Ligand SMILES: [Zn+2]
């Protein structure tokens with residue numbers, strides 16, 4: 001079963017939690033490849049940067065500053081794209097604590113698998129965890 005865009009009925013069985021996490025991880029891996037290639041293409045095609053590397057003549061001060069701002073904007077934009085899409089992917093797989101609403105990212109998800117509980121607020125996330133029996 002694909003858990004994307006389904007709500008979890010917390011607390012859920014460990015097997016479901018791991019399948020949700022696995023499906024999220026798979027989409028994350030695909031996204032990271034697309035993201036890395038896109039960032040590389042965008043940055044490598046940024047005119048002012050490539051001109052600088054090829055040792056083009058010095059630009060005037062204000063042009064130089066605009067070019068730097070453009071580059072900073074691109075980098076911030078790429079970082080924001082990564083953060084926002086990671087959040088939306090975690091939400092799509094409902095990997096979010098029902099009590100404190102923390103996203104169950106890498107270390108919180110690992111903690112939930114290890115203990116069956118949210119690492120932030122201790123809410124029960126896994127209803128058939130061996131440590132609760
Ligand atoms: Zn929590």
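Cα axis of helix 106-115 to longest principal axis of the chain: angle in degrees, 0 to 90, nearest 10?
With rounding to tens, the tilt is 10 degrees.
When the Debye formula is applied to the Cα atoms of segment 73-118, each taken as the same point scatterer, what base-10 log of I(q)/I(0) results at q = 0.22, 0.26, 0.32 Å⁻¹?
So the normalised log intensities are -0.75, -0.89, -1.09.
By how many degrees, 0 to 90 and rounded to 10, does the Cα axis of helix 61-92 deviate from the longest principal axis of the chain?
In the chain, helix 61-92 runs at an angle near 20 degrees to the longest axis.
Would you mind ranking 29, 94 by Cβ crowding within 10 Å, fewest neighbours first?
Working: 29 9, 94 19.
Listing 29, 94 from fewest to most nearby Cβ atoms yields 29, 94.
Counting each pair of different Cα atoms once, what's the Kirkwood radius of the chain in Å, rounded to one decimal?
On the way: mean 1/r = 0.0573 Å⁻¹.
With all distinct Cα pairs of the chain included, I get 17.5 Å.
Before rounding to the nearest 500, sum -39500 (n - 2.57) across all DSSP H runs of length at least 4 in the chain and divide by the residue total; then give [θ] at 222 nm in deg cm²/dmol.
Values: 4 runs with 80 residues, N = 133.
Helix-only estimate at 222 nm: -20500 deg cm²/dmol.
Would you mind pulling out the separation of the Cα centroids of segment 4-54 and segment 64-132, in Å?
Measuring centre to centre over Cα atoms gives 12 Å.
Where does each of 20, 27 land when they are ranked from fewest to most other beta-carbon atoms within 10 angstrom? Let's see the in-between values first.
Values: 20 24, 27 14.
So the ranking, lowest neighbour count to highest, is 27, 20.
Which angle from 0 to 90°, rounded to the nearest 10, does the C-alpha axis of helix 14-44 make with the longest principal axis of the chain?
0 degrees
Quick check on packing: order 37-48, 107-118 by the mean number of other C-beta atoms within 10 Å, highest mean leading.
On the way: 37-48: 12.2, 107-118: 17.4.
Descending mean neighbour count gives 107-118, 37-48.
Read-outs: derived from the displayed coordinates by stated rules, not from any lab. Computed from a predicted model, the values in this text were never measured in an experiment. So basically every Cβ, Gly included, is an ideal-geometry build from the backbone, and we count neighbours across all protein chains shown.
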